[in-house]
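One structure is given below, encoded as structure tokens.
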Amino acid sequence: MSPARPVHVSPGAAHLPPEVLRLLDTWLPAQRWYPVPAEGVTHEPWLTVTFGGVADVVVALLRLVGPGLAAGDESLVIQVPLVLTPTAEPEADTADTEAAGLIGTVTTASGTATVHDGGVHPAAWHAYFTAALPAACEPEDCAELRGARRISGEQSNTSVVLPALPRATGRGGMLKILRTVALGPHPDVVIPEALTRAGWDGVPHFLGAVELPAPGAAGTAGDAHGGDAGPVAHLAVLSELVHEATDGFELACAYAARDEDFGEQAAELGAVVAHLHAALRDALGPGPALEPAGFMGVLRRRAAEAFADVPALAPHRAGVTALYDALSARLSAVVERGDVVPLQPIHGDLHLGQALWSPDGWKVLDFEGEPQRPVSERTAPDLPLRDVAGLLRSLDYAAAVGQATDPHWVSHAQISFLEGYRQASGEAHGETVRPVDGATSTGSPLDVGTAELLLRSLTVDKALYEVVYEFRHRPAWTHIPLAAVDRVLSS
């Protein structure tokens, strides 16, 4: 068995010439995973990561500095893996520069170098893989990862399909390079690992992770805990490949485009989500009781930020305020009568694109939470109904993007999803309620009226988040969540 490939960390821009950093300043804002609008933002080198025995792969961890962005330990940090190779001729052309992720060519004090995006380059994939799962291969076996390919499409991270893992599982793997890095253990490592250890098969099997050790130290790969103090951060996660899988959102859009009934698949997904919530409670333990003032304070702050960012939301301000006022009164009454509403670990950003449909059933993935939320919010125990609201919204998106002409397509899919969730949750989870779009569900100890208001409020909260996201990144889609806000407030 080969020894673990150490991960070395140096402060600042070690190993990265200024010419490379200037090249990145131009290239980064155009990347789909770049997390903020680029205007006024600069890139401040924080740490540089190298892998033992790999000379060409350098990972830059850059703080984003600009108006409205947090500073210090709360800074937004992006991970930029690079492959730097000597270049004999600055103007030399290659036949597959796009496939190799060519960023550009720079001339430095030590010569001319070609700079590639490591997220799409096999040399970087190999470095991450052997750091995450060093016991899987000897050096001579892992010189290349045969058939590896990056997943195209819109993602906040970079995912790479590894069809065959040498000496590992025999089933292949999925390597996810986390483009946004947060201090502390990453939920997309901690949660899948815990669920895998608990034996729950609704998540792709966790295989390993790449840790960021303290600067100047050599990290031990593959251990998601990193000792008692935990890792400084996680850089990548490796999980088992789900074969013959279809992205859940693409599947639902295809059904919507044909006006084909999606009820059976939606009901099965509802059951899987209910089992997910039960597995999370068992694996990670329950959370504290809901505290109405703090909970409502977060909802109101998110709404205020959305109204400030998107002028088109202004007509809905009064309706959102009234809805939240009604929910606040209901939750206060629950506490006053001595009832407890327990919180627990949840997915936090659950939508159809975070689920895969395969012959083995639905698999849930991507547990990092909403990328635009603070890490403390993304990882805090919450209400399972937040995940339920997320999938209601996602089914609405599928109907809009798939251009379903049947006006009942989305409501039937939502009702089926919620009925599947209700049945799998069991009567022990609380009273049956009638939430959005006439569907029924369980999963809360609240009375019918309060649970209904809660799910409506969480659905509006999600739709407001979507409005801001679309306004910033896909303006042509802004009408989809805007219509949802209007619809839920009018119901």
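The values are calculated or read from the model by the stated rules, or taken from the named source; none is laboratory data. Owing to the predicted nature of the structure, the values given are computational and were not obtained by experimental measurement. Note: ideal-geometry Cβ built from the backbone for every residue, glycine included; neighbour counts use all protein chains shown.
Scanning the range 307-357 for residues that are in contact with a helix residue (DSSP H, G or I) (Cβ under 6 Å, 6 or more places away or on another chain), over 27 Å from F471 (Cβ atoms) and basic (K, R) yields one hit, R330.
Conditions tested, residue by residue: (1) in a strand (DSSP E or B); (2) assigned by TED's automatic domain parsing to the domain that holds G101; (3) of a type in the set (A, V, I, L, M, F, W, C).
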site	(1), (2), (3)
V20	no, yes, yes
W27	no, yes, yes
W33	no, yes, yes
A38	no, yes, yes
P45	yes, yes, no
L61	yes, yes, yes
G68	no, yes, no
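Look at the range 319-358 and say how many of its residues are surrounded by 15 or more Cβ atoms within 10 Å (Cβ to Cβ), assigned to a strand (DSSP E or B), in contact with a Ser or Thr (Cβ under 8 Å, 6 or more places away or on another chain) and not aromatic (F, W, Y). The qualifying residues number 1. Of all residues in the range 441-491, those satisfying the criterion of being outside any helix (DSSP H, G or I), in contact with a Phe, Trp or Tyr (Cβ under 9 Å, 6 or more places away or on another chain) and among the hydroxyl-bearing types (S, T, Y) are S441, T442, T478.
Considering only the range 395-414, state which residues are assigned to a helix (DSSP H, G or I), buried (at least 22 other Cβ atoms within 10 Å of the Cβ) and either outside the structural domain of H347 (by TED's automatic domain parsing) or not acidic (D, E) (or both). First the steps, then the outcome.
Residues of the range 395-414 that are assigned to a helix (DSSP H, G or I), as a first pass: 395-401, 409-414.
Checking which are buried (at least 22 other Cβ atoms within 10 Å of the Cβ) leaves us with 395-399, 409-410, 413-414.
Correct list: L395, Y397, A398, A399, W409, V410, A413, Q414.
When the range 302-318 is filtered for residues that are more than 22 Å from the chain's Cα centre (by Cα) and basic (K, R), only R317 remains.
The set of residues from the range 181-217 being buried (at least 20 other Cβ atoms within 10 Å of the Cβ) and aromatic (F, W, Y) comprises just one member, F206. Scan the range 383-393 and give yes if some residue there is among the small types (G, A, S), in a helix (DSSP H, G or I) and touching a Ser or Thr at 6+ places or on another chain (Cβ under 8 Å), otherwise no. Looking for residues that are among the small types (G, A, S), in a helix (DSSP H, G or I) and touching a Ser or Thr at 6+ places or on another chain (Cβ under 8 Å), one finds at least one in the range 383-393, hence yes.
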